[in-house]
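The values are calculated or read from the model by the stated rules, or taken from the named source; none is laboratory data. What you see is a predicted model; the values in this text were computed from it and never measured. Counting neighbours? That spans all protein chains shown, and the Cβs are built from the backbone with ideal geometry, glycine included. The protein model used for the area step is the full one, side chains on, heavy atoms only, and it has no ligands, DNA or RNA in it. Shrake-Rupley method; radii C 1.70, N 1.55, O 1.52, S 1.80 Å.
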Amino acid sequence: MKPKKNSTDFLHIGHKIQTWYSKNARDLPFRNTKDPYKIWICEIVFQQTRIAQGLGHYNRFIERFPDVKTLAEANENEVILHWKGLGYYSRAINIHKASKQIMTEFSGIFPSDYDDILTLKGVGKYTAAAVSSICFGERRAAVDGNFYRVLSRIFADDFDVSQTNAFSYFSELAFLIMPENAGDFNQAMMDLGSEICRPKNPDCGNCPVNDDCLAFALGKVSEFPVKTKKVKVENHSLKYYFVHRNNQFIIQQRGDDDIWKKLYEFLPEISSELVPFIKNAKTVNHKLTHRNLSIEIFDVEINSDLVWNEIISNKNLIVSDFEDSQKRSFPKPLENYIQNTLKD
Ligand code: SF4
């Protein structure tokens, strides 16, 4: 059964979800504010990070960068460093760029409607809907994985969530049950999706809308949401050369393209004169969302002052040591390598 558009038959479902939320809302720091800056940062932080894992990072980030101006004036490397532990560093770079954009294009005042918020660097429909509804009362559905899951189950709707128009399809479905306060409703759906209507083992017995849920009535909860397109994962090989002498080693900063934007790395290649200094190699595997990486790291120990001095005369390279490396952000496998190799 597909609900007819504009039907008001389903509004009671949204009211039940909101009543449940008023008694069961998780006590999270960003729940006590309507500051769009903080809500925006929180939405970006928690897009790919679980609440329990990201909370400390969020608090530290807000402590250091309490407002748009402070963030816009900060050095990019420091912003990246404060993102350490959250991964997906392009989010930090985009947040920084967007804060500058707010200073120049919006006179330092966070934009107050969906369309303007959507113009900010790195902000998609979900984040724009969340910020505009929670902070400015705009009637928008912040459709994310929670919405796909809860709505497809309530309506036993087999619309494929991997389709490109899934966001607008589920937005329309969300409006069928959305009460007056879109901001509260969006947060209620977030909590219902993560606490009750979980991807695996949903707690249907304690669900406030189990009387209204078609998938539950049909005993087909596990069949929703429908997702046909699998994420295509590619295999990639990389080489790195850990060139070192005594307790120092050579690094460089990555550019703005491809993965690991602006992070620091070991040398991806060395000149043929350095090949005789290779002691051994180690392969580490690392999984990204769309790539399986196999990284071969060569240990290159330079035992000649002359050669070392020639390497470090290259102005594009940075001489680092353990202490210095802790103030920089590296891709996770390289950070692990440094920890394992240099930490006492
Ligand atoms: S009854 Fe179960 S499947 Fe249906 S919305 Fe509630 S938790 Fe989800």
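Taking the condition out of contact with any Pro (no Cβ under 6 Å at 6 or more places or on another chain), modelled with pLDDT of 95 or more, among the small types (G, A, S) and more than 15 Å from the ligand (Cβ to nearest atom), does S171 pass?
So S171 fits the description; yes.
Run down L214, L151 and say which single residue is under 27 Å from T228 (Cα atoms), open to solvent by less than 20 Å² (accessible area, probe 1.4 Å) and either in contact with an Asp or Glu (Cβ under 8 Å, 6 or more places away or on another chain) or within 16 Å of the ligand (Cβ to nearest atom) (or both). Steps first, please.
Details: L214 fails: open to solvent by less than 20 Å² (accessible area, probe 1.4 Å).
After applying the criteria, what remains is L151.
So, of the residues in the range 217-227 that are in a loop (DSSP other than H, G, I, E, B) and in contact with a Lys or Arg (Cβ under 8 Å, 6 or more places away or on another chain), which turns out to be most open to solvent (accessible area, probe 1.4 Å)?
Within the range 217-227, the first condition is being in a loop (DSSP other than H, G, I, E, B), and the residues that meet it are 219-220, 224-225, 227.
The next check asks that each one be in contact with a Lys or Arg (Cβ under 8 Å, 6 or more places away or on another chain); those that pass are 224-225.
On the way: F224: 19, P225: 47 Å².
It comes out as P225.
If you take the residues in the range 154-169 that are touching a helix residue (DSSP H, G or I) at 6+ places or on another chain (Cβ under 8 Å) and over 20 Å from P208 (Cα atoms), which one is surrounded by the most Cβ atoms within 10 Å (Cβ to Cβ)? Walk me through how you get there before you give the answer.
Of all residues in the range 154-169, those touching a helix residue (DSSP H, G or I) at 6+ places or on another chain (Cβ under 8 Å) come to 154-161, 163, 166-167.
Right, trim to over 20 Å from P208 (Cα atoms) and you get 158-161, 163, 166-167.
On the way: D158: 13, F159: 18, D160: 14, V161: 23, Q163: 14, A166: 18, F167: 18.
For the range 154-169, the residue satisfying everything is V161.
Given the range 252-327, what strands (runs of 3 or more DSSP E) lie entirely inside it while holding 3 or more residues that are among the acidic types (D, E)? Spell out the reasoning first.
Values: elements: 278-287, 291-301, 318-320.
Of the strands (runs of 3 or more DSSP E) lying wholly inside the range 252-327, those with at least 3 residues that are among the acidic types (D, E) span 291-301.
Restricting the search to the range 224-257, which residues are more than 30 Å from I302 (Cβ to Cβ) and of a type in the set (S, T, N, Q)?
T228, N235
Across the range 75-105, what is the total count of residues that are of a type in the set (A, V, I, L, M, F, W, C) and farther than 16 Å from W40 by Cβ? Give the steps one after another, and end with the answer.
Applying the first criterion (of a type in the set (A, V, I, L, M, F, W, C)) to the range 75-105 yields 79-81, 83, 86, 92-93, 95, 98, 102-103.
Imposing the further condition that a residue be farther than 16 Å from W40 by Cβ reduces the set to 80-81.
Matching residues across the range 75-105 total 2.
Quick check on my filter: what residues within the range 233-253 are farther than 13 Å from I311 by Cα and open to solvent by 50 Å² or more (accessible area, probe 1.4 Å)?
Correct list: V233, E234, N235, H236, S237, L238, K239, N246, N247, Q253.
Give the range 266-277 a look and list any residue that's surrounded by fewer than 16 Cβ atoms within 10 Å (Cβ to Cβ) and either in the same structural domain as T49 (by TED's automatic domain parsing) or touching a residue at least 24 places away in the same chain (Cβ under 8 Å) (or both), or say none.
So the first thing to find is which residues in the range 266-277 are surrounded by fewer than 16 Cβ atoms within 10 Å (Cβ to Cβ), and the list is 268-269, 271-273, 275-276.
Of everything in the range 266-277, those that are surrounded by fewer than 16 Cβ atoms within 10 Å (Cβ to Cβ) and either in the same structural domain as T49 (by TED's automatic domain parsing) or touching a residue at least 24 places away in the same chain (Cβ under 8 Å) (or both) turn out to be P268, E269, E273.
Out of I297, I259, report the one residue that is surrounded by 15 or more Cβ atoms within 10 Å (Cβ to Cβ) and modelled with pLDDT under 95. Even if it seems obvious, please write down each step before you answer.
Numbers: I297 fails: modelled with pLDDT under 95.
Residue meeting the stated conditions: I259.
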